[in-house]
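**Student:** Dropping the structure in here first, questions after.
Nothing in this text is a laboratory measurement; each read-out follows from the coordinates by a stated rule. Nothing here was measured: the structure is a model prediction, and the numbers come from that model. Because the Cβ atoms are built from the backbone with ideal geometry, glycine has one as well, and the counts that use them run over all protein chains shown.
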Amino acid sequence: MEIETLRKLCLQWPAVTEDIKWGNDLCFLVAEKMFCVSSLEPPFKISFKVPDEDFEELSVTDGFIPAPYMARAKWVQVNDLSKLTRLQWEQYIRRSYELVKARLSKKLRNMYGLE
């Protein structure tokens, strides 16, 4: 997964913005809430939220770790980007987007046109 491919994927969904945080991380947000974070310098690492029931298994899968600072919110970090196919990347990141979007308040969903 390359940065430009990740950008095209994430920015196609409603209410998604991008921002640079912590000086060196590209963050994708839905209604101001992060759903995907990528390092901007090699070695590239990408983090995203996963369903609670998938967190434990993915956390110990080769190429994955619990995401630093975000593991308590059930985020994983992919340290070896070749471990996932393009389709798997799309599925995991879309799922992360949907999980974060689902937790938005009704007011925020309305404000960002997500209803």
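**Student:** Do any chymotrypsin sites (Phe, Trp or Tyr not before Pro) in the stretch 55-113 lie in a loop, going by DSSP, with at most 15 other beta-carbon atoms within 10 Å of their beta carbon, and if so which?
**Tutor:** Tyr69
**Student:** OK, next. Could you go through the stretch 68-80 in sequence order and give the Karplus-derived ³J(HN,Hα) for each residue, using 6.51 cos²θ - 1.76 cosθ + 1.60 with θ = phi - 60°, rounded to whole Hz, and x for Gly and Pro?
**Tutor:** My calculation for the stretch 68-80 gives x, 6, 10, 4, 5, 9, 6, 9, 10, 10, 9, 8, 10 Hz in order.
**Student:** Amide H of Asn79: which non-local residues (sequence gap of 5 or more, or other chain) have their own amide H closer than 5 Å, using H built in the peptide plane?
**Tutor:** Placed amide hydrogens put Phe64, Ile65 under 5 Å from Asn79.
**Student:** Taking the Cα-to-Cβ direction at Glu90 and at Phe44 and moving 7 Å from each Cα, how far apart do the two end points lie in nm?
**Tutor:** Roughly 1.7 nm, to one decimal.
**Student:** A further question follows. Check each of the trypsin sites (Lys or Arg not before Pro) in the stretch 74-106 and keep only those in coil by DSSP with at most 15 other C-beta atoms within 10 angstrom; list them in order.
**Tutor:** Sites meeting the loop and neighbour criteria: Arg103.
**Student:** Taking θ as phi - 60°, what are the ³J(HN,Hα) couplings along the stretch 13-21 by the Karplus curve (6.51, -1.76, 1.60), each to the nearest whole Hz, with x for Gly and Pro?
**Tutor:** Running phi through 6.51 cos²θ - 1.76 cosθ + 1.60 with θ = phi - 60° gives 8, x, 6, 8, 10, 10, 7, 9, 10 Hz.
**Student:** Tell me the volume per residue, in Å³, of the convex hull enclosing the alpha carbons of the chain.
**Tutor:** Expressed per residue, the convex hull around the Cα atoms of the chain is 102 Å³.
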